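Q: Here you go, one structure.
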Amino acid sequence: MDSGRPPVTSRDTPAQGTAHDRAVADLLGRIKNWQFRDGTLLRASVPLPPVDPLLWLQAHEQPPRCYWRNRDHTLTLAGLGSACTLEARSEAHYAAVLHRINTLIGDEDAFFVGGVSFDGRPGREAWARFPAALFVLPAIELRQDEAGCRLAVNLWAESQQAFMREKTRLITALCQLRFDADPPWEPPVRISRREDHMDFPACAEHIGAILERIAGGSLRKAVLARRVQLHLDTPLPVFTTLRRLRAGSTDSFCFALERDGQFYMGCSPERLFSRIDRHVCTESLAGTVRRGETPEEDRRLERLLLDDPKLVHEHELVTRYVHDQIAPWVTRAETPEHAGVVKLDRIQHRYLPLCGTLRPGVMDEQLLRTLHPTPAVCGFPRREARELILEREPVPRGWYSGTVGVVSPRHSEFAVAIRSALVEGNRMMLYSGVGIVDGSRPEAEWNELEAKLETLLCAVEN
Ligand SMILES: C=C(O[C@@H]1C=C(C(=O)O)C=C[C@H]1O)C(=O)O
Ligand SMILES: [Mg+2]
């Protein structure tokens with residue numbers, strides 16, 4: 001059947017099928033000679049002609065699948081299956097998981113893909129399948145970076161017996177890979193029902209209560225989030241949807257993580273931190289206005305974003321927090337003097353990056369523990385804001401406003417997990433949040449919540 005879409009690889013290079021086959025054959029040849037080495041990761045990688053990772057993922061039913069593209073487009077990873085899955089039951093175990101990742105990868109050029117929940121606890125209700133932290137080392141990996149496109153395999157086992165089983169499984173999976181076929185035809189998706197878990201009056205009431213708390217002096221900012229549940233007339237083709245979302249979110253991190261039949265997916269403009277060797281970059285991104293209909297209106301709104309005292313305050317709380325949290329870990333912190341603007345397809349944000357050199361011994365665990373969750377998604381002070389969120393929000397956040405990213409000894413990068421949704425078959429839960437500070441008005445915040453959902457909503461119904 002003709003889906004009317006491009007195949008996984010492009011048709012104007014007919015010899016690619018064979019080049020892909022050769023790459024797979026090359027990997028198979030190497031795996032066959034692998035012997036069990038206690039606790040050691042085995043990895044092989046070969047160059048591959050370019051493939052669209054999302055079309056490739058959509059064409060393969062090999063869970064758990066994962067996808068990551070960083071904001072700078074310097075790293076894209078697509079994973080099939082798991083060579084190793086690491087989980088944490090609570091925040092207290094994040095350090096152990098990150099440490100395990102580093103020892104397991106050692107000198108190999110591999111990445112774990114995963115993340116952590118908003119509140120450092122395992123998911124509840126709709127999120128019950130997601131632990132507090134989850135990281136997967138893909139069994140089969142498609143990678144695009146500055147060096148080009150590569151296909152890689154990872155194999156790790158604790159015993160000789162498990163090794164033999166995993167090796168056989170990997171060989172079978174490699175033999176089933178496809179690069180030249182059309183992805184399966186997918187019917188268009190229609191939203192048959194939309195359920196809002198918070199309407200405008202309830203939202204206005206929460207905002208009133210937060211503003212009272214702020215006036216009382218114990219709180220300066222709290223981020224209020226809501227959820228919209230969609231019932232679709234057909235299961236959501238996750239990777240095709242993410243492909244549409246990605247097309248309209250060029251300056252965003254894009255991710256999808258599969259877990260027991262569910263997917264957590266999204267495209268976030270916000271970085272928690274990135275680290276290459278000892279060089280670290282974090283940022284504050286907060287304060288929102290919509291995009292203008294004309295270039296003139298867009299510039300006028302941009303001026304408002306840069307000058308309005310409420311928006312400046314909303315952003316500065318994040319900037320100061322990020323600066324204070326990172327300061328003990330770095331020797332030199334560099335940040336521009338003035339905030340800039342990040343323009344997305346429907347909205348724009350205030351933005352200020354902050355980079356530095358990590359002091360000896362500082363690891364991802366310290367960065368994760370002290371930065372997450374920032375006042376961009378939680379509030380300030382953190383504890384007061386977190387308590388208010390738990391008390392006020394009608395549904396658990398799960399991994400929404402948690403963090404998702406990639407980890408390796410040399411390079412780690414995490415996005416703040418916003419502009420995202422939990423998907424299970426025909427059901428999709430979309431999340432959005434707004435920073436409430438002195439000067440917040442319920443109508444404006446409601447419009448901002450709606451605007452943040454729009455991009456996702458548009459990607460669902462093509
Ligand atoms: C919480 C979200 O976004 C955050 C809140 C913002 C705001 O209130 O202005 C802007 C960007 C993010 O820091 C979200 O998109 O869900
Ligand atoms: Mg805002």
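Q: For the residue pair residue 461 and residue 299, what label-to-label distance in nm results when each label sits 7 Å from Cα along the Cα-to-beta-carbon direction?
A: My value for the distance between the label points is 3.6 nm.
Q: Could you tell me what a quarter of the Cα convex hull surface of segment 154-219 works out to, in nm² with one decimal place?
A: 12.1 nm²
Q: Determine the principal axes of the Cα atoms in segment 354-462, then give the extent along each, sorted from largest to smallest and rounded to whole angstroms.
A: So the three principal-axis extents are 47, 37, 24 Å.
Q: Additional query: Over the alpha carbons of segment 191-460, what is the largest minus smallest coordinate on each principal axis, giving the biggest first in Å?
A: Computed over the Cα atoms, the extents are 54, 43, 42 Å.
Q: Using just the C-alpha positions of segment 259-406 as equal point scatterers, what log10 of I(q)/I(0) does the Debye formula give at each q in 0.10, 0.22 1/Å?
A: -0.40, -1.39
Q: For the chain, which longest stretch is free of loop sites, where a loop site is one of the trypsin sites (Lys or Arg not before Pro) that DSSP puts outside H, G, I, E and B and that has at most 16 other Cβ atoms within 10 Å?
A: Values: sites that count: 11, 37, 89, 124, 129, 178, 190, 278, 291, 346, 410.
Longest site-free region, per DSSP loop and neighbour criteria: 191-277.
Q: Okay, moving on. Projecting each Cα onto the charge dipole of the chain (Lys/Arg +1, Asp/Glu -1 at the beta carbon, about the Cα centre), which of 433, 161, 285 comes out farthest on the positive side?
A: 161
Q: If you plug each phi of segment 422-428 into the Karplus form 6.51 cos²θ - 1.76 cosθ + 1.60 with θ = phi - 60°, what whole-Hz ³J(HN,Hα) values come out, in order, with x for Gly and Pro?
A: So the Karplus estimates, Gly and Pro as x, are 9, 10, 9, x, 7, 10, 9 Hz.
Q: When all C-alpha to C-alpha distances in segment 16-175 are sorted into bins of 10 Å, what percent of pairs does each bin hold, rounded to whole numbers?
A: Taking all Cα pairs of segment 16-175, the binned fractions are 10, 36, 36, 15, 2 percent.
Q: For residue 345, which sequence-distant residues (separation of 5 or more, or a different chain) have an amide H within less than 5 Å of its own amide H, given hydrogens modelled in the peptide plane?
A: It is none; the list stays empty.
Q: Quick one: 3J(HN,Hα) in Hz for segment 316-332, Karplus 6.51/-1.76/1.60 with θ = phi - 60°, rounded, Gly and Pro as x.
A: 5, 4, 6, 4, 5, 4, 4, 4, 5, 6, 7, 3, x, 9, 10, 8, 9
Q: Counting only helical runs of four or more DSSP H residues, what would the 222 nm mean residue ellipticity of the chain come to if each run contributes -39,500 (n - 2.57) and the total is spread over all its residues?
A: Only helices count here, giving -10000 deg cm²/dmol.
Q: What percent of all Cα-Cα pairs in the chain falls in each 20 Å bin, counting up from 0?
A: Reading upward from the zero bin: 24, 56, 18, 1.
Q: While we're here: Name the residue farthest towards the positive end of the dipole of the chain from the options 318, 50, 390, assuming +1 on Cβ of Lys and Arg, -1 on Cβ of Asp and Glu, about the Cα centre.
A: Result: 50.
Q: Let me ask something else. When the Karplus curve 6.51 cos²θ - 1.76 cosθ + 1.60 is applied with θ = phi - 60°, which whole-Hz ³J(HN,Hα) does each residue of segment 390-405 get, with x for Gly and Pro?
A: Whole-Hz 3J(HN,Hα) from phi for segment 390-405: 4, 6, 9, 6, x, 10, x, 7, x, 8, 4, 6, x, 9, 10, x.
Q: So what's the net charge close to residue 41: Lys and Arg +1, Asp and Glu -1, counting the other residues with Cβ under 15 Å from its Cβ?
A: Spelling it out: positives minus negatives among the neighbours equals -1.
Q: Using 0.36 nm times the number of residues separating residue 100 and residue 341, minus their current alpha carbon distance, what extension gain do you get?
A: 83.0 nm
Q: Can I ask one more? Please give, to one decimal in nm, the separation of the simple spin-label points placed at residue 121 and residue 162, each 7 Å out from Cα toward the Cβ.
A: 3.0 nm
Q: Sticking with this structure for a sec: Between the helical axis of 160-175 and the dominant principal axis of the chain, each derived from Cα atoms, what acute angle in degrees is found, rounded to the nearest 10?
A: It works out to around 90 degrees.
Q: For every other residue with a beta carbon closer than 15 angstrom to the beta carbon of residue 222, add +1 if it is Lys or Arg and -1 if Asp or Glu, then tell me the sum.
A: -1
Q: Now for a different question. For residue 452, give me every one of the lysines with a C-alpha distance below 21 angstrom, ignoring sequence neighbours fewer than eight places off in its own chain.
A: Counting by Cα, and skipping residues close in sequence, residue 452 has these lysines nearby: 221, 310, 343.
Q: Please tell me the relative contact order of the chain in percent, rounded to the nearest whole number, where contacts are Cα pairs under 8 Å and at least six residues apart.
A: So the answer I get is 21 percent.
Q: Let me ask something else about it. Please give the FRET efficiency for residue 31 paired with residue 146, using the beta carbon to beta carbon distance and R0 = 25 Å, rounded to the nearest 0.05.
A: Here the calculated transfer efficiency is 0.40.
Q: Taking Cα atoms, how many degrees apart are the long axis of helix 94-105 and the longest axis of the chain, rounded to 10 and kept between 0 and 90?
A: Its long axis makes an angle of about 30 degrees.
Q: Taking the Cα centre as origin and putting +1 on Lys and Arg beta-carbons and -1 on Asp and Glu beta-carbons, what dipole magnitude results for segment 191-460, to the nearest 20 debye?
A: Values: 37 positive and 39 negative charges, 124 e Å.
It comes to approximately 600 debye.
Q: Another question, if that's okay. Between beta-carbons, use under 15 Å as the cut-off and find the net charge around residue 118, counting Lys and Arg +1, Asp and Glu -1.
A: +4
Q: What is the Å³ per residue value for the convex hull set by the Cα atoms of segment 328-394? Before the final figure, lay out each step's value.
A: Numbers: hull volume 9.5 nm³, N = 67.
Per residue, the Cα convex hull of segment 328-394 comes to 142 Å³.
Q: In whole angstrom, how long is each semi-axis of the equivalent ellipsoid of segment 150-264, when you take the square root of 5 times every eigenvalue of its Cα gyration tensor and sort them from largest down?
A: Equivalent ellipsoid of segment 150-264: 43, 23, 15 Å, largest first.
Q: In addition: Once the Cα atoms of helix 442-460 and of the chain are each reduced to a long axis, what angle between those two axes, in degrees from 0 to 90 to the nearest 10, is obtained?
A: The angle comes out at about 20 degrees.
No value in this document is a laboratory result; all are computed from the given coordinates. Nothing here was measured: the structure is a model prediction, and the numbers come from that model. Ideal geometry is used to build each Cβ from the backbone, glycine not excepted, and the neighbour counts take in all protein chains shown.
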